[in-house]
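In what follows, a single structure is set out as structure tokens and then discussed.
Bear in mind that the values in this text are calculations on the coordinates, not laboratory data. Quantities reported herein were computed from a predicted structural model and do not represent experimental measurements. Please note: Cβ atoms are built from the backbone with ideal geometry, for glycine as well, and neighbour counts cover all protein chains shown.
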Amino acid sequence: MLEVKNLHKVYDGHGRRVTAVGDLTFSVPEGQFACVVGPSGCGKTTLLRVMAGLLPATSGEVRVQDTPVTAPPPGLAVVFQEYGRSLFPWLRVRENVELPLKAQGMARAERRELATEALAAVGLADAHSAYPWQLSGGMQQRVAIARAIAYQPRVLLMDEPFAAVDAQTRADLEDLVRSVWKQFGVTLLFVTHDIDEAVYLGQRVIVLSASPTTVAQDLTIDLPAERDQLTTRADPRFTELRGQVYARIQKVKAPASEGAPA
Amino acid sequence: MRYLQRAVLLIGLPVLLLAAWWFGSAGSEDFYRPSLSSIVDAFGQTWTWEMFQQQVFPSLWRLVVGYLLAVLVGVALGVLIGTFRSVRSLLEPVLEFLRAFPPPVLVPVAILLSGIGDRTKILVIVFGCVWPVLLNTIEGVRGRDEVLSDTCRSYGITGSLRLRHLVLRAASPQIMTGARQALPLAIILMVISEMMAANEGLGFTVLQFQRGFQIPEMWSGVLLLGVIGIVLSLLFRLAERSLLGWYHGQRAGQREW
């Protein structure tokens, strides 16, 4: 479904070469909820932008639904971290959700139906005619998620979507993403720097090393499918898994902080 | 109460200045500085409906056409230049050269080329007003948020939909800034072009009054120009409020946080 093979990305500019992604290989089967975590500055966003077709790879390839990615692939939606900047401030909530559908040439009635369903799924059934800037940060990110769902993607990429919201909103949004994933059956790749969040959300956690990035660990999260902020986080297995991921990240972080050669 | 306070603040100074002029000039014997009351009398007698039809409306027509053309050309060129780097490097030296001309200097040239008709005057207005619109549009198009551009690419929003919903809207605050700067320029150029080459129009009429020593009438023409300026800027504000409602709302929201 989503395949990354020997992905390598070098930024080349002003006589300085920075290797952002070293050699990355992994694949996500259809319908899986995978989380990617890694130390800060490990090229998570670069990886996501290459997968989304927004940035060309230096070498290696990304395939979405068996098609190599060279431009933003159809059937793939992205939820960006900066919700405040990814919604159109001059369009109302409903128009924001409908615009990508309009670009596909979808008929008005169908657009309307999809937008209504998506907004209901994120709990914004009564905010259709508001402007994004009239909503709180958490609600704005809900609109962005609704826009992604209405697009009916097979693959959904999320780039640290909750990094800028407060802790309580964050917990709500985490549960929302789980329920959206179940309801719409998408393949979901969720990039985060938060270990707890990764373990709580995913069926699988891919731990990246520090830059130049490789896969440091690929961990199956064998927590029950029904998750709950209280019971799941209190589950001894949760603590154990998060400990494992934490230890792994500390280990991959260490050489970078000592200034090891890239 | 608050409305009253605002109204007083808004019209307080103009009323004060007019009052000072009125009483300061009352009973004036000076031929060149007539009393405001005689100017007001002349105003009523001079600017009849017929006068409006013959002198004012043609001027306003040229003003509006020239101004709108300038905005249209400025935005279209600005979008092209702001979007394509090659167009920018191609046109920039020429534009810098053209921009250095004071527009009134174009009037004699334009008269030679296309006579003293409407075309010349509209051309002069366009030439003078296009720059602030053009430069601001370029900045607006180039300064667009990258996350929004990425969003459009990811969601397949391209072509005219992208132009309408991303490029123009994102640049619209700057476009409006340019258009606001161009508005008084348009009035100035309208008057100047009519003073240099015309047989009708507001600028022409004011000049005729001055040459014919009809001093209160001349002053009344100047007042009328001022009133036209105020009305146009009020109309502009109304248009801006409806076009940029989102922008002011967003900024007010950010200040609150």
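Relative contact order of chain B, taken over Cα pairs closer than 8 Å and 6 or more residues apart, is 24 percent. If R0 equals 35 Å, the separation of the Cβ atoms of B:VAL94 and A:SER59 corresponds to a calculated FRET efficiency of about 0.25. Local charge for A:ALA125 was computed over the other residues whose Cβ lies under 12 Å away, with Lys and Arg +1 and Asp and Glu -1, and equals 0. Each DSSP beta bridge with both residues in chain A is either parallel or antiparallel, and the antiparallel ones are about 50%.
Karplus-based coupling profile of the range A:26-34, in residue order and whole Hz: 6, 9, 10, x, 3, x, 7, 10, 10, with θ = phi - 60° in 6.51 cos²θ - 1.76 cosθ + 1.60 and x standing for Gly or Pro. Under the rule that an exposed site lies in a DSSP loop and has at most 13 other Cβ atoms within 10 Å, name the longest stretch of chain A with no GluC sites (Glu not before Pro) of that kind, not counting the sites themselves. The longest such stretch corresponds to A:31-225. To the nearest µm²/s, what D does Stokes-Einstein give for the range A:89-152 at 25 °C and 0.890 mPa s, using the Kirkwood radius over alpha carbon pairs as Rh? Reported coefficient: 218 µm²/s. When chain B is treated as a GNM with alpha-carbon contacts under 10 Å, the residue of B:ILE122, B:ILE157, B:ILE111 showing the greatest mean-square fluctuation is B:ILE157. With all pairs of separate Cα atoms included, the protein assembly as shown yields a Kirkwood hydrodynamic radius of 27.7 Å. Largest GNM mean-square fluctuation across B:PRO173, B:PRO103, B:PRO14, computed for chain B with C-alpha springs under 10 Å, falls on B:PRO14.
Across the range B:57-199, Cα pairs under 8 Å and at least six residues apart give a relative contact order of 37 percent. Only beta bridges with both residues in the protein assembly as shown are counted; by DSSP, about 50 percent of them are antiparallel. With Cα atoms defining each centre, the range A:161-212 and the range B:161-235 are spaced 58 Å apart in the structure. Measuring between their Cα centroids, the range A:1-22 and the range B:80-95 lie 32 Å from each other. Evaluated on the range B:57-199, the Kirkwood hydrodynamic radius is 16.1 Å, with distances taken between all distinct Cα atoms. Of the chymotrypsin sites (Phe, Trp or Tyr not before Pro) found in the range B:1-97, the ones in coil according to DSSP and having at most 12 other Cβ atoms within 10 Å of their Cβ are B:PHE31, B:TYR32, B:PHE84. Just checking the listed ones, A:THR231, A:THR70, A:THR213: in the Gaussian network model of chain A with Cα springs under 10 Å, the one fluctuating most is A:THR231. For A:LYS182, go through the lysines and keep the ones whose alpha-carbon is under 25 Å away, minus same-chain ones fewer than eight residues off. Within reach: A:LYS44.
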